[in-house]
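No lab work stands behind these numbers, since they all come straight from the coordinates. This is a predicted model, so every value here is computed, not measured. Here the Cβ is made from the backbone with ideal geometry for all residues, glycine too, and neighbour counts use every protein chain on show.
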Amino acid sequence: MSSPHHGSSDNSNANHGGGSNGTSSNAPMTSFSQGYALPSTSSSSTLTSRASISRHARKEILNYSAPWPVYGLDWCNQPHEREALRLAVGSFIEDGGNKESNQLLTCKDKKRLSTIQVITLPEFAGVEGKEYSPTSMSDWIPIAETNHQYPVTKIKWEPFKGGHHTSDLLATTGDYLRLWDLKEDTEHSGNNNNTIGRRKSSGIHQQLTQRAVLANTKANFCAPLTSFDWNTFDPALIVTSSIDTTCTVWNVETQQAKTQLIAHDKEVYDVSFAGNNADIFASVGADGSVRMFDLRALEHSTIIYETSSVGQTLPSSNQSNPQTGGPSLPLLRLAFNKLDANYLSTFHMDSSSVQILDIRVPGIPISDLRGHKGAVNCMAWSPVGSTEIATG
């Protein structure tokens with residue numbers, strides 16, 4: 001699968017504020033940490049972010065040392081602390097030391113097997129006898145794990161819909177869009193006890209069961225998927241992006257494709273729904289454009305920004321200047337402002353800056369955030385402040 005990151009981890013050091021200094025790592029990460037109080041001073045091999053959870057003030061950084069390079073992760077969207085303090089983690093494994101879950105796989109395919117885990121804190125997993133250690137390098141424990149037959153390009157929990165639920169739903173992309181149910185492992189729970197953590201000290205006591213594999217093709221081969229997004233306004237909808245230039249909107253309840261469209265002239269690298277609307281989404285790709293689509297009128301699209309439309313300081317000598325008619329610089333990621341969907345952010349391949357766009361004023365970024373010394377790999381808007389963004 002062609003990866004727009006060329007092996008770089010999607011989870012490099014995150015810095016709050018677009019103008020903060022930061023570097024991106026070219027090596028996949030093998031660990032990450034989650035901070036709760038003060039900014040971390042950890043190295044570039046550790047992911048850090050903040051959360052306002054006072055009960056964990058006893059330790060500023062909670063660490064988890066994964067057994068493989070971490071490429072994607074996502075917080076659970078449940079509102080209750082017991083469920084919310086769970087992370088879904090995806091690996092990026094390129095060697096042959098993976099578990100063999102399918103004897104029919106070829107030797108080449110076996111080398112691509114990856115892993116997804118759900119991890120939580122020991123106190124929410126019912127693990128007895130695990131003492132708190134202020135110097136521990138693994139404060140989180142896995143409660144469920146399964147193989148993934150291609151490196152995980154993105155992993156997300158289902159948006160919270162309210163009401164009672166008997167299982168949690170996750171989605172991943174790689175070779176296909178896959179839906180996973182996280183359920184109690186009744187085989188090992190014992191005594192019909194459905195509470196978390198009546199199992200071995202390893203903490204694995206739930207099951208990730210594949211619910212569906214969604215592919216909008218009748219062929220045996222599906223073009224690899226680069227990313228996806230879950231619609232928070234209508235959680236039945238997921239949109240995926242692919243290297244075959246298309247975006248596909250799925251109804252996860254019916255497990256059918258709602259529509260598929262040719263979104264770009266080249267590979268599509270990322271896609272995102274506007275947070276305040278069930279019908280609007282945007283995408284970026286190798287053709288260097290940001291395009292917006294409306295599910296109610298797919299015969300038209302709006303180009304919000306093109307790298308060839310403005311002069312750019314290009315990061316390498318083998319890229320031509322757009323003003324001279326050379327090739328456009330690919331755009332790798334985009335993200336809508338969580339509190340004001342008029343704004344979104346994006347960045348170019350091998351670029352150390354992030355562009356802020358206003359969809360009401362297409363063509364030219366309203367801000368160009370600089371400060372990183374290396375290429376930007378990821379970014380995220382704050383859920384509590386419309387003027388705050390983290391980049392890494």
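Is any residue of the stretch 267-303 close enough, with backbone N under 14 Å, to a label point placed 7 angstrom from the Cα of SER386 along the Cα-Cβ axis, and if so, which? Those under the cut-off are 275-276. Distance between the pseudo-spin-label points of THR146 and ASP181 (7 Å out from Cα toward the beta carbon): 1.0 nm. Put simply, when 363-373, 283-293, 70-80 are sorted by average Cβ atoms within 10 angstrom per residue, most first, you get 283-293, 70-80, 363-373. Around the amide H of SER351, modelled in the peptide plane, lie the amide H atoms of VAL376, all under 5 Å away and 5 or more residues distant in sequence or on another chain.
Take every pair of alpha-carbon atoms less than 8 Å apart whose residues are at least six positions apart; their mean separation over the length of the stretch 236-284 yields a relative contact order of 32 percent. Between the beta carbons of GLU253 and TRP75, assuming R0 = 25 Å, the FRET efficiency works out to 0.60 to the nearest 0.05.
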